[in-house]
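The values are calculated or read from the model by the stated rules, or taken from the named source; none is laboratory data. What you see is a predicted model, and the numbers here were worked out from it, not measured in a lab. Every residue, glycine as well, gets a Cβ built from its backbone with ideal geometry; the counts of neighbours run over all protein chains shown.
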Amino acid sequence: MQKKILWFALIFAMANTSQVQAQYTKQDSVYKKYFVGSTLFMLANLVPDNNPPGMVYLTFGYRLTRKDVISLELKTWKYGWPIGIPYGKSFEAEGEGFPGHIREYGFSLAYYRFLWKGLFAQVDVMPAWQKFVNEDGKKIGHGFQIFNTYSVGYHIKLFKDRFFIQPSIAITHRPYQSSMPDAFQEVDERWPKVFYGQPGLHFGYNF
């Protein structure tokens, strides 16, 4: 589902090439410093499957300079498979999932730097609180993790810079994970704490 949404956004962006500009250059005498946004991957909430994310994702950002941006992101979602499973036959495969799911609540602090035109690199650090739920829907424990995202993406201005989209690709990393219930821990330990190739698709409104 994530791949389909990403392709949709890229096609949409190419259809609006007349709106694409370099990111906030020296020639810009005035530019909007604040923005709010989210991710188009919330559309996955509407798709019936065996791993609905139940995602809510809100971003509040501030442009320090034309090239430096910080943001606060509020997030919650749930997942039934270890985050470290790579793309392939085991990805969201039957028999590889948790005996239930994890519901996560977190906030992240992000910084990104524009490198060339709309090309940017971003670092995102998120402390997240976890609730472990078994197959019967009963809470059986709680936990905490640090979840980092290292991204490269492209900022595309739309409609005279009122809106933007940011397709990206990332490496995600869990430098810290508290103990899990035994049944969850056994499944999680089969997989690495690093994931390569996580797509991103943010959008936002400047003001």
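Quick rundown of the values:
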quantity	calculated
Unmet requirement for Gly100, which otherwise passes all of (1) touching an Asp or Glu at 6+ places or on another chain (Cβ under 7 Å); (2) under 25 Å from Arg66 (Cα atoms); (3) of a type outside the set (A, V, I, L, M)	(2)
Within the range 158-186, tally of residues that are of a type in the set (Val, Ile, Thr) and crowded, with 17+ Cβ neighbours inside 10 Å	2
Residue match in the range 65-87 (condition: in contact with a Pro (Cβ under 7 Å, 6 or more places away or on another chain), part of a strand (DSSP E or B) and over 19 Å from Glu186 (Cβ atoms))	yes
Close pairs from the range 31-42: first of a type in the set (D, E, K, R), partner surrounded by 14 or more Cβ atoms within 10 Å (Cβ to Cβ) and not in a loop (DSSP other than H, G, I, E, B), Cβ under 7 Å, at least 6 apart	Lys32/Asn206; Lys33/Arg63
Unique residue being closer than 23 Å to Gly95 by Cα, touching a Ser or Thr at 6+ places or on another chain (Cβ under 7 Å) and not hydrophobic (A, V, I, L, M, F, W, C) when the list is Gln130, Gln122, Gln198	Gln198
Boolean, Gly100 is within 17 Å of Gly54 (Cβ to Cβ), in contact (Cβ under 8 Å) with a residue 40 or more places away in the chain and either touching a strand residue (DSSP E or B) at 6+ places or on another chain (Cβ under 7 Å) or buried (at least 17 other Cβ atoms within 10 Å of the Cβ) (or both)	yes
Qualifying positions in the range 118-131 - buried (at least 18 other Cβ atoms within 10 Å of the Cβ) and without any contact (Cβ under 8 Å) to a residue 60 or more places away in the chain	Gln122, Asp124, Met126, Ala128, Gln130
Top-ranked residue of the range 43-64 - restricted to ones that are under 21 Å from Ala121 (Cβ atoms) and either in a loop (DSSP other than H, G, I, E, B) or without any contact (Cβ under 8 Å) to a residue 24 or more places away in the chain (or both), ranked as nearest to the chain's Cα centre (by Cα)	Tyr57
Criterion (modelled with pLDDT of 95 or more and within 22 Å of Tyr34 (Cβ to Cβ)) met by exactly one of Val152, Val123, Val133	Val123
Candidates Ser38, Ser29, Ser90, filtered to the one that is modelled with pLDDT of 90 or more, under 17 Å from Asn206 (Cβ atoms) and of a type in the set (Gly, Ala, Ser)	Ser38
Matching entry among Leu109, Leu115 (being surrounded by fewer than 14 Cβ atoms within 10 Å (Cβ to Cβ), at pLDDT 95 or above and either touching a Ser or Thr at 6+ places or on another chain (Cβ under 9 Å) or assigned to a loop (DSSP other than H, G, I, E, B) (or both))	Leu109
Every residue from the range 36-77 that is crowded, with 19+ Cβ neighbours inside 10 Å and closer than 18 Å to Arg113 by Cα	Gly37, Thr59, Gly61, Arg63, Val69, Ser71, Glu73
Residue that is nearest to Asp68 (Cα to Cα), among those in the range 118-159 that are assigned to a strand (DSSP E or B) and of a type in the set (Gly, Ala, Ser)	Ala121
